[in-house]
Amino acid sequence: MIICRAPVRISFFGGGTDYPEYFLQEGGAVLATAIDKYCYLTASPFLNQLFDYAIRVSYRKVELARQVDEIEHRVFRECLKLCGFDGGIELHMMADLPSFTGLGSSSTFTVCLLQALHSFKGQFLTPQELAREAIYVERQLLRENVGCQDQVMAAFGGFNVVEFRTEEDFAVNRITLPPRRLAEFEQHLFLVFTGIQRKASDVVAPQLKRVKENTPALRRMRAMVDQGHEILTSQRPWREFGELLHRAWEAKRSLDGGVSNAEIDAMYARGQAAGAWGGKLLGAGAGGFLLFFAPPETHPQLTAAFASHQLLSVHVNAPGSQIIHS
């Protein structure tokens, strides 16, 4: 049995500039980190000669298929076809967090599945090759309205500035912080689940129609990647990072009216009132996790302010997709 694990991510700056609709014209970049919450996938041989079906896949449901084209789950189906499978394999997916929460879990699953399938066949893919193939599956085969940062972060892991030139040409620049400063950074993170799950591809569709109109805002959001990197890698006060996150959230909200709503705005205001310097909704918008950046001494007030919501404690700089058992 092969067991693969790939991380989800938190994106701080530059989200929205990782779509080809923007970066092919202007160049894009994101500042993001993989976190210690994972998608897991097992792949094991299946003796299909002894059964009346050839492939078994399980996720929220179990599918027993005689051939790959019968599989309802689009990602399982297209990845199996791409990797040349017609039977003899059993796949199980598990995850630390649910889908549609703004942490890039859909792309993480695609990356994890592709690595497991290639490894099952004795093939090794570099993180670059794995990310490229996942982008190809999601954007070309599945025709999803997705950006390119989630696949890269799941494949590479780490704390990075990722620059995008084309769907296949991207550069991953590691952010190296002293252990003490990295620990301080983690202590300022406060994640709250809004309770709203949504499909990022649906949320971002209206934004992609407004790329030309939104170009000035997207340019500002791209510039914040460099500003955030400068704050992180210097000894500048953490408050500046939080205030920059606030400006990034304001810019993101300006892209389309569907990015936020009255409930999310009220939650954000509650976080500010409890002491957060800034924050943003993670992912495409309209739901998922709300990230606050706040001094550690305010976290008890934030916890009280969101007593009815699920909180999430995370560690940053998690490793990328890897085979943890074979």
Looking at (1) in a helix (DSSP H, G or I); (2) within 30 Å of GLU230 (Cβ to Cβ), which is the one condition that is false for GLN49?
(2)
From the residues in the stretch 274-322 that are farther than 22 Å from GLU243 by Cβ, among the aliphatic types (A, V, I, L, M) and touching a helix residue (DSSP H, G or I) at 6+ places or on another chain (Cβ under 6 Å), which one is surrounded by the most Cβ atoms within 10 Å (Cβ to Cβ)?
ALA284
Out of the residues in the stretch 146-199 that are part of a loop (DSSP other than H, G, I, E, B) and among the small types (Gly, Ala, Ser), which is nearest to THR298 (Cα to Cα)?
GLY195
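No lab work stands behind these numbers, since they all come straight from the coordinates. On a predicted model such as this, the values are computed, not experimentally measured, just so you know. FYI the Cβ positions are ideal-geometry reconstructions off the backbone, even for glycines, and counts take in every protein chain you see.
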